[in-house]
Structures are given as C-alpha cells and as structure tokens.
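Data first, discussion second: the structure below is written as structure tokens.
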C-alpha cells in the first residue's frame, strides 16, 4: 500500500475528551476514529491489526477442533427468559430495542442462550457430541463507564466459543485444552509473559470462572499474584480463593491488570434450564455439559497499544503490525529506487507501507514512528550513491545499513 492511496491522516494531538493512552495513540496514528465514548470506528490501518489478531485466534481455535460460524446479534426475549438473564437486574448491560410490531429484542452482549437454543436442532444423540463452535462478532454492552479507550467499549469485537459435551469429564478436559490454546494466543500476540490465568467470579455467567488478566497500568482490574507458583486471583474473590488454595495473602503481589479473555464452565445448568438434552447409548435422556470461552479482540488490540508504545507513538509486535516495513523515499533518485524496491518487496510477499508522499523526511519519519511499523526502510539519494539502504528497528531504534542484494533475506 502507498501512503498516498491509503485512507488515513495522522494528528499532532488527540481529541481533548480522550483520556486513554491507547485510544489517543490509535486516533493520532490513524487507526481508529472516535464516534462517542466507548464507540470507535476502525480505519484501514486498524482493520489490519484487528484481522491479524483474529487470524491468530482463529488458528488456535481451529487447532482444538472448533468450527467457525457467525450468529445474529439480534436476540429473542423468550430465549433469554428461560434462564432469567433477560432481566436488567440480573444482566445490567443490555441494549434493548423493538421491531415495528413492538416485539422486544436485545442486542447481543453474549450468545450462550441463543447457541443452546440453536443446538436443539443439531444435537439429538451421543453420536452428535462433542461439538465446539466459535465466532467473531461485534458485541453491544451498555457499560456504565467507558473511559479506557478500546480496552472497554460499549461496542467491541469479540471471539466467543461454546463447547457441548456428553460428560462433565469431557468438558473438563476440553476446558483445560482451551486454557492451553489461550496461552498460545497470548504468546503469539506478544503479551503472554504478562498474562495470567486468574481465579475470578463468574458474574452474570456462573459462580466462578477463570479470567486471562494482562498486567497493564491502565487496566481496571486488580489481581493478586504469586509469581513463583504462577497463581493469580482477582481482587473480588481474594478471600474465598486464599482459603481454597491454602496460601497466605502476605505471599501475594498486588498488580493492575486488564481482562483480555475469560472462560466459564457452566456444567449442565444452562442446558437443563433451556431443555437441551441428548439420548445416551442406553437410550435414556441425558443432560449436556457446556463451556463458554471469550477473547476480546479489540480489547487485546487496546492492551497491546497501551503496553507497546513510547513517547514517539505505537510499537507494534511483528505478529499484529498492520505492515512489516515502512518504506521511506528521499530525493529524486531515492524515489525512483524506492518505487522499484516497493514492487520487489510486494512480489516477495513482504507487507510494506510505502510513504511516497511529497513530504519532508522528518514528517515521514515521525509518521512511521507514530504508526509503530516494526521496521523502517529509508532509500535516499545519498544511500544510492553509497550502494546501501538504511534499516531502522522501531522497538530498539537500532539502525544498520543493508546492501540491496541482501534486503529480502534481512527483512525475512
């Protein structure tokens, strides 16, 4: 992509009403546009990051034999009434609307009830189990506070997965397999070392759950860590968890975190409430056991932006960066050579953003740093005379000279 053709515009300053660093940087760098508090549009650069994150998650969910689908965001009242979760007293984040005939609908904040209802058509026998399904979808939650940029939105993209099992043992085994898949996701996103499987309250889902909490100063949660034992406990359940785990509170370190994922073991409660059963090998009706597993895609993007940034702008990990290389041309000969190199890199399958604008070098360099592309390749008249290009690594600031013949190998 050439910058001259890209729909984007960098800003010197973020909107005055935006207090979250992640959103300030993403807005200034041209990744998102703020519609209102907690609601953002994702521009072409932002979409590329979202899609990179989704693909990593997709690959790991596929690896544990889950199937991708997409469900509707419109929710039928009667489905949610079966479990009592249509009530605003039970679930306080509903957005609700009506059809023209006054039929009341909800806008999806989660999909446990609708997918259980759907599975009545597809699960009849033990031969139909186990089943695991996931989707990427925009969720709507009427959050009271939305001051953390895209880390806590009223509208956000989420991966939610649901698994259905004949026995509690089979669910427990898949639950553990999902934990390992989530760990691989966070490792690939570049935040694995700071992300902990955390004992937490189930909230509107179940009595207890596990969260994936990423250490982040801008996070809204507080957890207690025992780093040696790799134990993490959400502040809201600290007393119960300390008793259950048999550890002293004095052993724990208090840190601020952002929740980037969660998983819930529903047992057979929800399927029993909604009347979803299967016929066992003995011909008798049996209860199903289900799990629910979420990863906030856009929230993860916000956490990465918050953690990987400096006073110059964003510093994307290579796995989620919108482009691998930011190509800068300087001078007449530099521009001619940069045109050629742009085609060479593109044909070699290297994702390159080519700043071909008629701007001063300082403006191009500043935009490259603000956007956070991992590598900046500068081709100038002077460099052509010396027979070398200048390659700068965004995360370290390290610069080295590269011979044209070695460029592809170095970038790969």
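Read-outs throughout are calculated quantities, based only on the coordinates presented, and are distinct from any laboratory measurement. In this text, all values refer to a predicted model and were calculated from it rather than measured experimentally. Note that we place each Cβ from the backbone using ideal geometry, even for glycine, and neighbour counts take in every protein chain shown.
Anisotropy class assigned to region 239-355 is oblate, per the alpha carbon gyration tensor with a/c at or over the 1.5 cut-off and a/b no larger than b/c. When the chain is treated as a GNM with alpha-carbon contacts under 10 Å, the residue of 146, 20, 173 showing the greatest mean-square fluctuation is 173.
Take the chain, connect every pair of alpha-carbon atoms lying under 10 Å apart with a spring to form a Gaussian network, then pick out the residue of 267, 46, 84 with the largest mean-square fluctuation. Its mean-square fluctuation being the largest, the pick is 84. Oblate is the label for region 138-194. Its Cα gyration tensor axes, ordered a ≥ b ≥ c, give a/c of at least 1.5 and b/c at or above a/b.
Just so you know, the Cα atoms of region 1-156 work out to an Rg and Dmax of 19.2, 61 Å. For the chain, the 222 nm mean residue ellipticity estimated from helices alone, with every DSSP H stretch of n ≥ 4 adding -39500 (n - 2.57) and the total spread over all residues, rounds to -9000 deg cm²/dmol. Rounded to two decimals, the Cα radius of gyration of the chain over 2.2 N^0.38 Å is 1.13.
Mind telling me which of 152, 382, 184 comes out most flexible in a GNM of the chain, alpha-carbon contacts under 10 Å? Comparing 152, 382, 184 in a Gaussian network model of the chain, the most mobile one is 382.
A P(r) calculated from all alpha carbon pairs of region 110-233, with 5 Å bins opening at zero, reads 2, 8, 14, 20, 23, 16, 10, 5, 2, 0 percent. Round to the nearest 10 and give me the degree value, 0 to 90, for the angle of helix 297-307's Cα axis relative to the longest principal axis of the chain. Helix 297-307 sits at roughly 50 degrees to that axis. Entry note, region 270-375: relative contact order of 28 percent, from Cα contacts under 8 Å with a spacing of 6+ residues. Rounded to the nearest 10 degrees, the inclination of helix 361-371 to the longest alpha-carbon principal axis of the chain is 10 degrees. For region 98-174, the fraction of C-alpha pairs farther apart than 19 angstrom is 54 percent. With N as its number of residues, region 153-295 has a Cα radius of gyration that, divided by 2.2 N^0.38 Å, comes to 1.16.
When peptides 60-67, 49-56 are sorted by average Cβ neighbour count within 10 Å, with the highest value leading, the order is 49-56, 60-67.
With a simple spin-label model that places each label point 7 Å from the Cα along the Cα-to-Cβ direction, the separation between residue 6 and residue 145 comes to 3.5 nm.
Run the numbers on the chain and let me know its relative contact order in percent, using alpha-carbon pairs under 8 Å that are six or more apart. Dividing the mean separation by the residue count of the chain yields 16 percent.
Computed over region 325-411, the Cα gyration tensor eigenvalues convert (square root of 5λ each) into semi-axes of 16, 15, 13 Å, ordered from largest to smallest.
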